[in-house]
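The values are calculated or read from the model by the stated rules, or taken from the named source; none is laboratory data. Bear in mind that the values here come from a model prediction, so they are computed numbers and not experimental data. Methodologically, a virtual Cβ is constructed for each residue, glycine included, from the backbone with ideal geometry; neighbour enumeration extends over all protein chains shown. Accessible surface is based on the protein model in full, side chains and every heavy atom, while ligands, DNA and RNA are left aside. Shrake-Rupley method; radii C 1.70, N 1.55, O 1.52, S 1.80 Å.
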Amino acid sequence: MIRLLAMRELRSLLAMPSTWFVLAVLQFILAWFFLARTEAFLEIQPQLAQLANPPGVTTTVAAPLFNTVALLLMMLVPMFTTRLVAEERRNQTFTLLLSAPLSGRHIVLGKFFGLLIFLVMLMAGVPLMLYTLALGTHLDHGMMLSNIIGLLLLTASYIALGLYVSALTTQPIIAAIGALAVLVGLWLADIGASAENSPWHFISPLNHFQNFNAGLLDSGDAAFFVLFSIFFLLLTMRRIHSNRIYG
Amino acid sequence: MSKATPETTLSARNLTRCFGNRQVIHNISLELKRGEVLGLLGHNGAGKSTTLQMLTGCLLPDSGEIEICGINLSRQPMLAKTHIGYLPETPPLYRELSVNDYLTFAARLRGMKPAAVAEALAQTMRRCGLEAAGKKIIGTLSKGYQQRVGIAQAIIHRPAVVVLDEPTVGLDPEQIREIRALIRELGNAYSVILSTHVLSEVESVCDRVEIMQHGKLIYGDTSARMQQHGQVSGFIISLRKPPALSELEGIAGVSSVEQISATQFRVLHAPDDNPSGALLTLAEQNGWRVEQLTPLQATLEDVFVKITGAEKGTAEEIK
């Protein structure tokens, strides 16, 4: 059932021209960043070569690009999560799911994985572009892998949060702006908090991504993302159940 | 279960529901048997849609029990809901999908095996007159066709109970006729509940009627019997050369005569004593030259207004 719902979500997304427009524009932006980064690297490469232990192309091109994607996700995910529940409720299609033999778990996980698969497809271009560099130079595969895993976990946690905000309202715009506000708010609180051990650092997903970005696989960070996602997915299930109670 | 008494497919007992402090549904009980079409009739805002939402599990009742084919909806919702097909007021259509994709999704969603879907799809499309629309995107279809797709998604998994919320709203007369014929056909195989505020719909498709007002069921009977409810016995007669009013009143069995125009009279009589024969013989003898004789027939509109009006009256008396 979860797979059926996820596939429906994916099929609907791919059937809409707007999705393809977003895909095209995003690929263009990411390619542009990639080119700019690569060009900058080529310019400073002679100076870097004089250093004793020069940073490689993975650190100077791949890591910043992944970081850019992580920032873009903050704006991108709310645009898609708003469709998941808020827009379905406004278009009255949510009734189909409510009257079908499904539990809240099926609905929430189906939507979650549907969008996750789509966003993975959308971001797949980034590592592919980076691996073209392997034709001319040596890449740090460990660092690439940690970035890919980190990005995946970050995406999952953003979707879970967006999904919950989406389930709170029947207004798609409010769902989109609400999720954006929370995500940007968490990020701003993180970079604004000066104290090293501030709780704002702890609850900000983007902060936990930094270790992955630097090539550091920390099980604590991974656990944070998993717990963060599960927490919001459970809240969404609760919310969908209370929709049946409060109407 | 014997064949003589068809099985009960849906039973709801003492449903109540509040929104905030306002109680919108008061103690509603309904029962539906296989092969029956039940019309839920009421003004806008009478609580019809809320009732249907509760029957389909989209909204939980504050109290009361719902059983679908003997399965309790609140205790075993997953099992009970496989027997329900629901068309809400706005058909729940994913506008970006094609009709085939959407209906396949709807069938699988209700737990149909992939192998059985193709055949069910073909049959449902034929039934709903959608054969030519299979590959079309739902968003590009006309309102009438979208409504058909909405009905198709409610019946594709062959549920025991089909719930239709105002299925003919916004359709043109030709489409309304077709949809009604389809509902009638569905009523032979399944149990159907439909809500409507169009009285002629009840007349043409429903076996039984429940009238709702202010969240209460105030009247329930077969639709044929509802038509008889408050029936007036009388007729309108047109006479080219009418006699004096008193002469008509003098005929045995006539209880009152009212002159509508120079040549038309409304004649009322006791239900079991029809004086029209005697009147026609007299007219023949005296040369009144009868042009037309139309029996007075209570339309459902009259009956409905009468029943809901009477309810209002008693409510005011109580106050």
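For chain B, find the longest principal axis of its Cα atoms and tell me its angle to the long axis of helix B:173-189, 0 to 90°, nearest 10.
That works out to roughly 70 degrees.
Shielding of B:104-110 by partners, i.e. mean partner chain Cβ atoms within 10 Å per residue?
The shielding value for this peptide is 5.
For a quick check: with amide H placed at 1.01 Å from N, whose amide H comes under 5 Å from B:Lys216's, ignoring anything fewer than 5 positions away on the same chain?
B:His26
What nm distance separates the two modelled labels at A:Ala40 and B:Met78, each placed 7 Å from Cα along Cα→Cβ?
5.2
Which of A:Ala31, A:Ala193, A:Ala70 moves the most in a Gaussian network model of chain A with Cα springs under 10 Å?
Top of the fluctuation ranking is A:Ala193.
I'd like the antiparallel share, as a percent to the nearest 5, of DSSP beta bridges with both residues in the range B:8-228.
55
Mind checking the dipole of chain A: about its Cα centre, +1 per Lys or Arg Cβ, -1 per Asp or Glu Cβ, Debye to the nearest 20?
Computed charge dipole of chain A: roughly 1180 debye.
Can you tell me what percent of all Cα-Cα pairs in the range B:101-180 are more than 18 Å apart?
The answer is 40 percent, as a whole percent.
Would you tell me the accessible area of B:Leu217, worked out with a 1.4 angstrom probe on the heavy atoms of the protein chains, in Å² to the nearest 10?
Rounded to the nearest 10, that gives 50 Å².
What average number of partner chain Cβ atoms lie no more than 10 Å from the Cβ of the residues making up B:90-100?
5
Can you give the angle from 0 to 90° between the axis of helix B:143-155 and the longest principal axis of chain B, with both taken from C-alpha atoms, to the nearest 10?
70
Could you go through the range B:105-120 in sequence order and give the Karplus-derived ³J(HN,Hα) for each residue, using 6.51 cos²θ - 1.76 cosθ + 1.60 with θ = phi - 60°, rounded to whole Hz, and x for Gly and Pro?
Calculated HN-Hα couplings, in order: 4, 4, 5, 5, 4, 8, x, 6, 5, x, 5, 7, 5, 4, 5, 4 Hz.
How far is it, in nm, from the label point at A:Leu26 to the one at B:Glu65 when both lie 7 Å from their Cα along the line to the Cβ?
A separation of 5.1 nm, rounded to one decimal place.
Mind ordering B:245-252, A:57-64 by average Cβ neighbours within 10 Å, highest first?
Put in order of decreasing packing, that is A:57-64, B:245-252.
For A:His141 and A:Arg3, FRET efficiency with R0 = 41 Å and r from the beta-carbon atoms, rounded to 0.05?
The formula returns an efficiency of 0.85 here.
Do you know the Lys pair count in the range B:8-228 for C-alpha distances under 28 Å, with sequence separation 8 or more or different chains?
The result is 13.
Inside 10 Å of the C-beta atoms of A:84-97, what's the mean count of C-beta atoms belonging to other chains?
Averaged over the peptide's residues, the number is 4.
Regarding the range B:187-305, what whole-number volume in Å³ per residue does the convex hull of its Cα atoms give?
Value for the range B:187-305: 140 Å³ per residue.
What is the distance, in nm, between label points placed 7 Å from the Cα along the Cα-to-Cβ direction at B:Ile251 and at B:Ala132?
The modelled label-to-label distance comes out at 5.4 nm.
When 1/r is averaged over all different Cα pairs and the result inverted, which Kirkwood radius in Å belongs to chain A?
In chain A this quantity evaluates to 19.3 Å.
Tell me, what does the Kirkwood hydrodynamic radius of the protein assembly as shown come to in angstroms if you use every pair of distinct C-alpha atoms?
28.4
Using a 10 Å cut-off on Cβ atoms, rank the peptides B:263-271, B:9-17, B:287-295 from the highest mean neighbour count down.
On the way: B:263-271: 16.6, B:9-17: 19.3, B:287-295: 13.2.
Ranking, from highest mean packing down: B:9-17, B:263-271, B:287-295.
Please work out the Kirkwood hydrodynamic radius for the range B:234-295, using every pair of different C-alpha atoms, and report it in angstroms with one decimal place.
Kirkwood radius, the range B:234-295: 11.3 Å.
Debye sum, Cα scatterers, the range B:8-228, no solvent: what log₁₀ I/I(0) at q = 0.13 1/Å?
Relative scattering, expressed as log10 I(q)/I(0), comes to -0.72.
Give a residue-ordered list of calculated ³J(HN,Hα) values for the range A:213-221 (Karplus: 6.51 cos²θ - 1.76 cosθ + 1.60, θ = phi - 60°; whole Hz; x for Gly, Pro).
The phi angles translate into 4, 8, x, 10, 8, 10, 5, x, 5 Hz.
Out of A:Asn211, A:Asn147, A:Asn91, any idea which swings most in a Gaussian network model of chain A, alpha carbons joined below 10 Å?
A:Asn91
If I model the range A:134-247 as equal point scatterers sitting on the Cα atoms and use the Debye formula, what is log10 I(q)/I(0) at q = 0.18 Å⁻¹?
-0.95
Can you give the charge dipole size of chain B about its Cα centre, rounded to the nearest 20 debye, using +1 on the beta carbon of Lys and Arg and -1 on the beta carbon of Asp and Glu?
1260
Helix A:2-15: angle to the longest alpha-carbon principal axis of chain A, degrees 0 to 90, nearest 10?
70
So if I take the alpha carbon set of the range B:66-136, get Rg, then get Rh from the Kirkwood formula, what is the Rg over Rh ratio?
Using only Cα positions, Rg/Rh for the range B:66-136 is 1.02.
Before rounding to the nearest 500, sum -39500 (n - 2.57) across all DSSP H runs of length at least 4 in the protein assembly as shown and divide by the residue total; then give [θ] at 222 nm in deg cm²/dmol.
The helix contribution divided over the protein assembly as shown gives -17500 deg cm²/dmol.
Could you pull the accessible area for B:Asp62 with a 1.4 Å probe, rounded to 10 Å²?
It works out to around 90 Å².
Using packing as a proxy for protection, rank A:168-177, A:47-56 so that the peptide with the highest average count of other Cβ atoms within 10 Å comes first.
A:168-177, A:47-56
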